[in-house]
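Here's the structure we're looking at; comments come further down.
The values are calculated or read from the model by the stated rules, or taken from the named source; none is laboratory data. Keep in mind that this is a model prediction, so the values were computed, not measured. These area figures cover heavy atoms from the full protein model, side chains too; ligands, DNA and RNA do not enter into them. Shrake-Rupley method; radii C 1.70, N 1.55, O 1.52, S 1.80 Å.
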Amino acid sequence: MEAPPVTVMPITSGTINMMEYLLQGSVLDSALESLLHRLRGLCDNMEPETFTDHELVYLLKGQQGNPFILRARRSLSHPTSPWHLRYLGQPEVGDKSRHALVRNCVDVAASHSLPDFLNEMGFRMDHEFVTSGHIFRKGAMKVVVCNVSRVLVPGNTENTERMSLSHLVELSVLAPAGQDTMSEDMRSFAEQLKPLIHLEKIDPSKQRH
């Protein structure tokens, strides 16, 4: 049986091929309220957006080299919203003058048949998880503070387990290639969050899934 056709559309009109500038860190649950209080004072939105997302990581293995990875994400808070399909390129970590990790990012909205489409294309779901937390914004910068839970039974987002007693914190900017001044703005903002949290340039390829 063929998978239903998948509808894919850009999240923003025009260019969807962007660079992501990223700094990451973590904060213990016991210090979470202090960090949220600081972010409310520094960011444009005093009351952050809240979210709960289910993300599935798909692999397509070729004859040689690393597998091709795509990430499919859906909102559990707003079940009728489109799915999101995301590709993240290899990080450009060699440039010491950059204060943030930089990687290519393509992000599109898709219909709810996305998982079936990926399976028909030969992708295999490698792992899945649920994130829940807050989103703050400061100009072009986005700050995500969330906990991450593993899905214990495949596809059952009601059956999850927290992966740690801390929250993941990501400071990111999406911008066209060449906007390296963004990393300086991010470094300045990250300095204002110390000593509550130390945001760093972390190479995802050296992290364990």
Give me the accessible area per residue for segment 50-148, probe 1.4 Å, as a whole number in Å².
50 Å²
So how long is each side of segment 56-176 along the principal axes, counting just the alpha-carbon atoms, biggest first, in Å?
42, 37, 28
Report, to one decimal in Å, the Kirkwood hydrodynamic radius for the chain based on all distinct Cα pairs.
18.4 Å
Enter the angle in degrees (range 0 to 90, nearest 10) between the Cα long axis of helix 181-191 and the first principal axis of the Cα atoms of the chain, meaning the one along which they spread out most.
60 degrees
Relative to the longest principal Cα axis of the chain, at what angle does helix 32-42 sit, 0 to 90 degrees, rounded to 10?
70 degrees
